[in-house]
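See below for the structure under consideration.
The values are calculated or read from the model by the stated rules, or taken from the named source; none is laboratory data. These numbers come from a predicted model, not from an experiment. Neighbour counts are summed over all protein chains in view; Cβ atoms, including those assigned to glycine, are modelled from backbone coordinates with ideal geometry.
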Amino acid sequence: MGNPLNFACGGCDELAARLAALDRGAPGPGPSVRAAHQLIASGLARIKSILDNLRRYLSVGDAQLVATDLAEEIDQALELAAERLRSAGVRVDKQIARLPVLWTRPGENHQVLLNMIGNAIEAMPGGGALRVTAHAHDRTVELAVSDTGPGVADEDRDRIFEPFFTTRRDAGGTGLGLAVAREIVMRHGGTIRVEAADGAGARFAVSLPRREAGER
């Protein structure tokens, strides 16, 4: 959280200096005051984003498991992210096989999907391709989101799901999106991993257990 706090504190210091100069009869507010205000506003907005994500990170897992159509959940998440995908110049390739009903928390499914989609968009600032796949195994269902970005460095793969770890802090990354996704997946009894995508980029794969109604 240090970077946004530094922005806000630095802006406050500059604003205080300019106000003191005004008290001494200096000319009225100029560009430096506006720049100080922008630093404060930017820093506070980042802090709010971090705290909002942290609150979601700490509060997941309260709802009951219900019978869920994962294919429908994927469609809804892509629809919610459609405008952001279009604005970023990202095309979508969706390959969803026939899936069994899963016992999950649908709202949390959306959060996992949107966090992975958002992470992929951030990895492709110049546009690219997003691939979403899902298929069933004997005991699990695997959902994967792949991008055509630079991929995840080998040394970062063990840390990519840690809270507050991010390689995109300069671009506004908080390091909580994938941590929240992992927490939700683990509370469903599943796993999440990152690997190299075919060709280029990163592939984030979620495996969720297939349960009968009595196994909830």
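Results for (1) in contact with a strand residue (DSSP E or B) (Cβ under 9 Å, 6 or more places away or on another chain); (2) over 21 Å from Met124 (Cα atoms); (3) at pLDDT below 90, shown as yes or no for each residue.
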residue	(1), (2), (3)
Leu58	no, yes, yes
Asp69	yes, yes, no
Ile74	yes, no, no
Ala88	yes, no, no
Val92	yes, no, no
Ala97	yes, yes, no
Pro100	yes, yes, no
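Give me the residue from segment 171-188 that is surrounded by fewer than 21 Cβ atoms within 10 Å (Cβ to Cβ) and modelled with pLDDT under 75 and, out of that set, nearest to Glu142 (Cα to Cα).
This residue is Gly175.
Has segment 77-86 got any residue that is within 18 Å of Leu178 (Cβ to Cβ), modelled with pLDDT of 90 or more and touching a Ser or Thr at 6+ places or on another chain (Cβ under 9 Å)?
Looking for residues that are within 18 Å of Leu178 (Cβ to Cβ), modelled with pLDDT of 90 or more and touching a Ser or Thr at 6+ places or on another chain (Cβ under 9 Å), one finds none in segment 77-86, hence no.
Under the condition of being of a type in the set (Asp, Glu) and at pLDDT 95 or above, which residue from segment 136-150 is farthest from the chain's Cα centre (by Cα)?
Ranking the candidates gives Glu142 first.
Are any of the residues in segment 85-107 surrounded by 14 or more Cβ atoms within 10 Å (Cβ to Cβ), more than 19 Å from Arg210 (Cβ to Cβ) and polar (S, T, N, Q)?
No; the residues of segment 85-107 include none that is surrounded by 14 or more Cβ atoms within 10 Å (Cβ to Cβ), more than 19 Å from Arg210 (Cβ to Cβ) and polar (S, T, N, Q).
From the list Glu155, Glu122, Glu142, exactly one residue is of a type outside the set (Val, Ile, Thr) and in contact with a Ser or Thr (Cβ under 6 Å, 6 or more places away or on another chain). Which is it?
Working: Glu155 fails: in contact with a Ser or Thr (Cβ under 6 Å, 6 or more places away or on another chain); Glu122 fails: in contact with a Ser or Thr (Cβ under 6 Å, 6 or more places away or on another chain).
From the options Glu155, Glu122, Glu142, the qualifying one is Glu142.
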